[in-house]
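S.K.: Have a look at this one.
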Amino acid sequence: MADKKIIAVLGSTGSQGGGLVRAIVADPAGGFAARAVTRDVSKDKAKALKSAGAEVVKADLDDVESLKKAFAGAHGVYAVTNFWEHFSGEKEKAQAKNVADAAKAAGVKHVIWSTLEDIRKFMKPDDKRMPMLQQKYRVPHFDAKAEANASFGGLPTTFLVTSFYWDNLYMFGLAPKKGEDGKLAWTFPMGTAKMAGIAAEDIGKIAYGIFKAGNQYVGKTVGVMGEALTIDEMGKTLTKVMGTGPIQYNAVEADVYRSFGFPGADEMGNMFQAYRDFAKEMLANRSVDTARKLNPALQSFEQFATKQKAAIKTAMGV
Ligand SMILES: NC(=O)c1ccc[n+]([C@@H]2O[C@H](COP(=O)([O-])OP(=O)(O)OC[C@H]3O[C@@H](n4cnc5c(N)ncnc54)[C@H](OP(=O)(O)O)[C@@H]3O)[C@@H](O)[C@H]2O)c1
């Protein structure tokens, strides 16, 4: 391990960081070692990372001193914050600043910051199509990450612009479900726009590709996706892979989606509306080719659905 470059991975027990830790330990000859960071080293997911060959250390995004210790001696840091744990843009920015400050103090050579674009840049402040949330954001978990880019100034950083996880189908309750008529249906405010999506596990593999490329992506913004698809295209693939009947797509207005009342419905309504109304800009910010260059095993939606068939079928109740 001493001769390997250590990558301290935040969010290691989650989707993005977990994918990166697994990519590093799966390539023992690659010259990198994974240091998985978690608040709870005793949890099952942390133990699994340790068994797979990662070092596991404790730190908290809210505690800059703990991050400095976790980054000591590391070559790289994978930085991801979890908006969905607190739903606060301000907290996400404060956590990102803690990461950047700790990375500077530790003299880290390469940071990858998992970010998203600022949706406010696509609209005038008085645009009434979409409500402001938390007083000043259009899509807080996008806009706050984009604002946090500034914290990484002066650090050798790659800004990794990610995409909608297809895993949300089974992890976030977004899979089609049977209605009272027994027919499968799902509801999104996406119209006929194509949405940039990706298998979450591929993000970590892409991050590994960025670290392996040395300085090539330092100071650069890298936008990635697995495929861009309309909701109907996704539905057709699910029908084929799951072997079910057709899936009815209820294309509602974003205001209707925002009114559904589940936690984060306004945030999700704004996010899908941004993917719909600014599809051209969002797709221009992301590249399948770049994603595949960095991760040759990049999955299409059909490959993803086939791999996750059991979990998706359970989520669909079929
Ligand atoms: N879902 C999507 O479609 C999508 C798409 C693009 C971007 N994103 C973004 O992805 C981010 C979440 O990443 P993910 O999906 O990989 O996470 P995840 O699977 O939900 O897991 C959350 C991770 O964050 C860590 N974490 C949370 N709070 C922490 C804290 N205070 N200190 C240290 N670690 C902390 C957790 O570690 P421990 O609990 O082990 O400490 C865990 O590893 C969100 O900000 C979201 O906006 C999501």
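S.K.: Taking into account only those residues within region 82-137 that are polar (S, T, N, Q) and out of contact with any Leu (no Cβ under 9 Å at 6 or more places or on another chain), which is nearest to the ligand (Cβ to nearest atom)?
M.R.: 88
S.K.: Just name the residue that is most open to solvent (accessible area, probe 1.4 Å) out of those in region 50-60 that are at negative phi, of a type in the set (Gly, Ala, Ser) and assigned to a loop (DSSP other than H, G, I, E, B).
M.R.: 52
S.K.: If you don't mind, another one. Conditions: (1) within 11 Å of the ligand (Cβ to nearest atom); (2) part of a helix (DSSP H, G or I); (3) surrounded by fewer than 16 Cβ atoms within 10 Å (Cβ to Cβ). Residue 47 meets all but one. Number of the miss?
M.R.: The number of the failed condition is (1).
S.K.: Determine, yes or no, whether residue 185 is open to solvent by 20 Å² or more (accessible area, probe 1.4 Å), among the aliphatic types (A, V, I, L, M) and over 21 Å from residue 19 (Cα atoms).
M.R.: yes
S.K.: Okay, next question. Limited to region 25-53, what total is found for residues that are farther than 25 Å from residue 92 by Cβ and in contact with a helix residue (DSSP H, G or I) (Cβ under 6 Å, 6 or more places away or on another chain)?
M.R.: So the answer is 3.
S.K.: If I ask for residues that are β-branched (Val, Ile, Thr) and within 14 Å of the ligand (Cβ to nearest atom), which ones from region 138-159 would you list?
M.R.: If the condition is that a residue be β-branched (Val, Ile, Thr) and within 14 Å of the ligand (Cβ to nearest atom), then 139 is the only one that fits.
S.K.: For region 257-276, name all the residues that are under 13 Å from residue 188 (Cα atoms) and open to solvent by 50 Å² or more (accessible area, probe 1.4 Å).
M.R.: 259, 260, 266, 276
S.K.: From the list 117, 201, exactly one residue is at pLDDT 95 or above, part of a loop (DSSP other than H, G, I, E, B) and under 16 Å from the mean Cα position of the chain (by Cα). Which is it?
M.R.: Going through 117, 201 in turn, the sole match is 117.
S.K.: Here are some conditions: (1) within 20 Å of residue 200 (Cα to Cα); (2) in contact with a Ser or Thr (Cβ under 6 Å, 6 or more places away or on another chain). Residue 59 meets all but one. Which one does it not meet?
M.R.: (1)
S.K.: Now a separate question. Can you tell me which residues in region 115-135 are of a type outside the set (Val, Ile, Thr), under 11 Å from residue 274 (Cβ atoms) and crowded, with 17+ Cβ neighbours inside 10 Å?
M.R.: 116, 117, 118, 120, 130 - these are the residues of region 115-135 that are of a type outside the set (Val, Ile, Thr), under 11 Å from residue 274 (Cβ atoms) and crowded, with 17+ Cβ neighbours inside 10 Å.
S.K.: Tell me the helices (runs of 4 or more DSSP H) entirely within region 244-318 that contain at least 2 residues that are under 18 Å from the mean Cα position of the chain (by Cα).
M.R.: It comes to 265-277, 279-284, 288-294, 301-307.
S.K.: Out of the residues in region 160-182 that are within 11 Å of the ligand (Cβ to nearest atom), surrounded by 15 or more Cβ atoms within 10 Å (Cβ to Cβ) and aromatic (Phe, Trp, Tyr), state the one that is farthest from residue 124 (Cα to Cα).
M.R.: Ranking the candidates gives 166 first.
S.K.: Still on this structure: Are there any pairs, at least 6 apart or on different chains, whose C-beta atoms fall under 6 Å, with the first in region 1-25 and open to solvent by 20 Å² or more (accessible area, probe 1.4 Å) and the second modelled with pLDDT of 95 or more and among the charged types (D, E, K, R), and if so, which?
M.R.: 6/35; 13/45
S.K.: So, one more: Exactly one of (1) under 20 Å from residue 145 (Cα atoms); (2) near the ligand (Cβ under 6 Å from one of its atoms) is unmet by residue 20. Its number?
M.R.: Result: residue 20 passes all but (2).
The values are calculated or read from the model by the stated rules, or taken from the named source; none is laboratory data. None of the values given here were measured: they were computed from a predicted structure. A quick note on method: Cβ atoms are made from the backbone with ideal geometry, for glycine too, and the neighbour counts reach across all protein chains shown. What goes into the accessible areas is simple: the full protein's heavy atoms, side chains included, and nothing from ligands, DNA or RNA. Shrake-Rupley method; radii C 1.70, N 1.55, O 1.52, S 1.80 Å.
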